[in-house]
1. Between the stretch 208-246 and the stretch 145-204, how far is it from one alpha carbon centroid to the other, in angstrom?
2. When Lys and Arg each count +1 and Asp and Glu each count -1, what net charge do the other residues less than 11 Å away from residue 70, Cβ to Cβ, add up to?
3. In sequence order, what are the phi-derived ³J(HN,Hα) couplings for the stretch 223-230 according to the Karplus relation 6.51 cos²θ - 1.76 cosθ + 1.60 with θ = phi - 60°, rounded to whole Hz, with x for glycine and proline?
4. Take the Cβ-Cβ distance between residue 30 and residue 194 as r, set R0 to 30 Å, and report the resulting FRET efficiency rounded to the nearest 0.05.
5. Using only DSSP helix segments of four residues or longer, with each worth -39500 (n - 2.57), what per-residue ellipticity at 222 nm results for the chain after dividing by its residue count and rounding to 500?
6. May I ask you to give the percent of accessible area on the chain that is carbon plus sulfur, with a probe radius of 1.4 Å?
7. In Å², what does the accessible area per residue of the stretch 97-238 work out to with a 1.4 Å probe?
8. Among 163-173, 147-157, how do they line up by average Cβ neighbours within 10 Å per residue, starting with the highest?
Amino acid sequence: MSLKEKINKDRLPSHIAIIMDGNGRWAKEKGQDRLYGHFHGVESVRNIVEGCAELGIGYLTLYAFSTENWDRPEYEVTGLMELLVDTIRKEVETLNRNNIKLHVIGDMSMLPEYARQELQEALQMTAANTGLNLIMALSYSSRWELLNAVKAIATEVKNNGLDPDTITHDTIQNKLCTSAFPDPELMIRTSGEYRISNFLLYQLAYAELYFTQVRWPDFRKENLYEAILDFQQRERRFGKTGDQVKAETADTNAL
Ligand code: IPE
Ligand code: IPE
Ligand code: MG
């Protein structure tokens, strides 16, 4: 039985989020420039997007560039932006063929004008698709997102008479860039780093975390299947006891 066949199709994570890390080290290990790693990382993106679409995953969020990544050497930032624009231009057709809808989250005002335009076009061209939702986190950081959410709520209190006592989790959720998406159920980070690096801090509250040593340019569908199988072995308790969860599962199965 292949890894793919072992996956329980009834218990797929509805939303997978990935911190695509390790491009630079992958390249250095081969005696190459960091940009060579980013270039090869694109092949992994293609492969994983295809893998998620084939499985019928609803949402895939890819952390492609963080707010903090702007502080990298200028030549790497420029190279990454060019790679991004070039990739989007080339991939839009494939996205459409596979019914994939592109979304972006992050501070688009930081992006160079040509990149913003290219993204805007790709968003429009895939807007009617109804299959996998592919969410690119670009110039994104969770603290940036939360700061904006707090400012937006404070503005509503000040200008629109919003009563602070009526603020709920939904009020916050609605102000996040991800308001249209369910929270990720599985978060994968490649390359052996065990941290979140300012990614979806609020949304990952109950995500299952999966870390692998595999560098992003080497990450392929088989690695994704391993992560999903690992996810399916876990008991998700959401604060309850294991016995409660088992009883609930038995009730659901009896229906
Ligand atoms: C991830 O790979 C891609 C981006 C952050 C843009 P890195 O570039 O962080 O690679 P390492 O972590 O230095 O190996
Ligand atoms: C996180 O990776 C951001 C992306 C993958 C886009 P980094 O490589 O920037 O994170 P740190 O600096 O190691 O925490
Ligand atoms: Mg890194």
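The values are calculated or read from the model by the stated rules, or taken from the named source; none is laboratory data. Since the model is a prediction, treat every value here as computed from it, not as a measurement. As a convention, Cβ positions derive from the backbone with ideal geometry for all residues, glycine included, and neighbour counts pool all protein chains shown. Calculation scope for accessible area: heavy atoms of the full protein, side chains included, ligands and nucleic acids excluded. Shrake-Rupley method; radii C 1.70, N 1.55, O 1.52, S 1.80 Å.
1. After rounding, the separation between the Cα centres reads 23 Å.
2. Summing Lys and Arg as +1 and Asp and Glu as -1 gives -4.
3. 5, 5, 4, 4, 5, 5, 5, 4
4. 0.80
5. When only DSSP H runs of four or more count, the value is -15500 deg cm²/dmol.
6. Carbon plus sulfur share of accessible area: 50 percent.
7. Per residue, the stretch 97-238 has 51 Å² of solvent-accessible surface.
8. So the order, starting with the most tightly packed, is 147-157, 163-173.
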